[in-house]
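Shown next, in structure tokens, is the structure this report addresses.
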């Protein structure tokens, strides 16, 4: 049970429903290379670890300039003795944020390991999933399909109106889903990083598997700063096995030094 709870907690930052396809983005990106957001992960009142979202310098993949985002999750020393988590996701999306190009996930949770690579061929309309080099059959995707991490940055580019609904296609390489979320009202949120005026977004959990599927009243709430940067300041989830939180504890600006990039694998042509 405790392992399942940690798995849910580690995945909170990537369960983001997304954006209205026809909405026009603002003239400037709300994020830029060097942005680094650090979160404290909690189960109830207990601290379980940290998660870090980063925006890295633009990269060239097969002649295309793409955005590079990453998410790292690690449990603290206490939890390491019970169930050690060391996860990293690297996501690459087209320069104009028109869809994903590449998604890589190195998952180390207890004795479980995965080395996932998903390539997106936007022109061909398919995504290819592999784990430790073993490939699944490619699946068809829609235009402007995002991976589970890049979709959040696409969301940050969109106008947010109270009491509206937002949606976008999201794929992990194995399934394609039309993510949908409800935009609620504005609230003041206090987290260790400070006090923020924020907008509440509630993704629909009906098409999310695992423990969310097993919980009739499962909820996921994301508070986004109500300003031009659209920073996530708090995430919370309530499922059958408990409540989980991710609170923003630190913001590093444009002078933050990103870590070395992992090797980039070129997209396969079919």
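Looking at residue 170, is it in a strand (DSSP E or B) and farther than 26 Å from residue 75 by Cα?
Working: in a strand (DSSP E or B): yes; farther than 26 Å from residue 75 by Cα: yes.
Yes, satisfied.
Could you list, in sequence order, the residues of segment 164-174 that are closer than 15 Å to residue 139 by Cα and within 16 Å of the chain's Cα centre (by Cα)?
169, 170, 171, 172, 173
Residues in segment 153-163: is at least one surrounded by fewer than 16 Cβ atoms within 10 Å (Cβ to Cβ), in contact (Cβ under 8 Å) with a residue 60 or more places away in the chain and closer than 22 Å to residue 224 by Cβ? Full working, then the answer.
Restricting attention to segment 153-163, the residues satisfying the condition of being surrounded by fewer than 16 Cβ atoms within 10 Å (Cβ to Cβ) are 159, 161-163.
Remaining after also requiring in contact (Cβ under 8 Å) with a residue 60 or more places away in the chain: 159.
From the residues that got through so far, the ones that are closer than 22 Å to residue 224 by Cβ too are 159.
Yes; the residues of segment 153-163 include at least one that is surrounded by fewer than 16 Cβ atoms within 10 Å (Cβ to Cβ), in contact (Cβ under 8 Å) with a residue 60 or more places away in the chain and closer than 22 Å to residue 224 by Cβ.
Hey, does segment 156-165 have a residue that's at pLDDT 90 or above and either in contact with a strand residue (DSSP E or B) (Cβ under 6 Å, 6 or more places away or on another chain) or not in a strand (DSSP E or B) (or both)?
No: zero hits.
For residue 144, are the conditions met, namely being over 15 Å from the mean Cα position of the chain (by Cα) and closer than 24 Å to residue 33 by Cβ?
yes
So residue 110 passes all but one of these: (1) on the phi < 0 side of the Ramachandran plot; (2) in contact (Cβ under 8 Å) with a residue 24 or more places away in the chain. Which condition number does it fail?
(1)
Scanning segment 79-88 for residues that are touching a residue at least 12 places away in the same chain (Cβ under 8 Å) and over 18 Å from the mean Cα position of the chain (by Cα), which turns out nearest to residue 124 (Cα to Cα)?
It comes out as 84.
What number of residues in segment 109-145 are part of a strand (DSSP E or B), surrounded by 16 or more Cβ atoms within 10 Å (Cβ to Cβ) and modelled with pLDDT of 95 or more?
Within segment 109-145, residues that are part of a strand (DSSP E or B), surrounded by 16 or more Cβ atoms within 10 Å (Cβ to Cβ) and modelled with pLDDT of 95 or more number 13.
Looking only at segment 89-105, count how many residues are touching a residue at least 24 places away in the same chain (Cβ under 8 Å) and assigned to a strand (DSSP E or B). Write out each step before concluding.
So the first thing to find is which residues in segment 89-105 are touching a residue at least 24 places away in the same chain (Cβ under 8 Å), and the list is 89-95, 97-104.
The next check asks that each one be assigned to a strand (DSSP E or B); those that pass are 89-94, 100-104.
Going through segment 89-105 one residue at a time, the tally reaches 11.
This table checks each residue for (1) modelled with pLDDT of 95 or more; (2) more than 17 Å from residue 250 (Cα to Cα).
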site	(1), (2)
46	no, yes
54	yes, no
57	yes, yes
64	no, yes
67	yes, yes
90	yes, yes
96	no, yes
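Among the numbered conditions (1) surrounded by fewer than 20 Cβ atoms within 10 Å (Cβ to Cβ); (2) at pLDDT below 90; (3) in contact with a strand residue (DSSP E or B) (Cβ under 6 Å, 6 or more places away or on another chain); (4) in a strand (DSSP E or B), tell me where residue 256 comes up short.
The one condition residue 256 does not meet is (4).
Collect the residues in segment 32-71 that are part of a strand (DSSP E or B), under 15 Å from residue 153 (Cβ atoms) and within 16 Å of the chain's Cα centre (by Cα), keeping them in residue-number order.
Within segment 32-71, 36, 37, 52, 53, 54, 55, 56, 67, 68, 69, 70, 71 qualify.
The values are calculated or read from the model by the stated rules, or taken from the named source; none is laboratory data. Keep in mind the model is a prediction, meaning the values are calculated, not measured. FYI the Cβ positions are ideal-geometry reconstructions off the backbone, even for glycines, and counts take in every protein chain you see.
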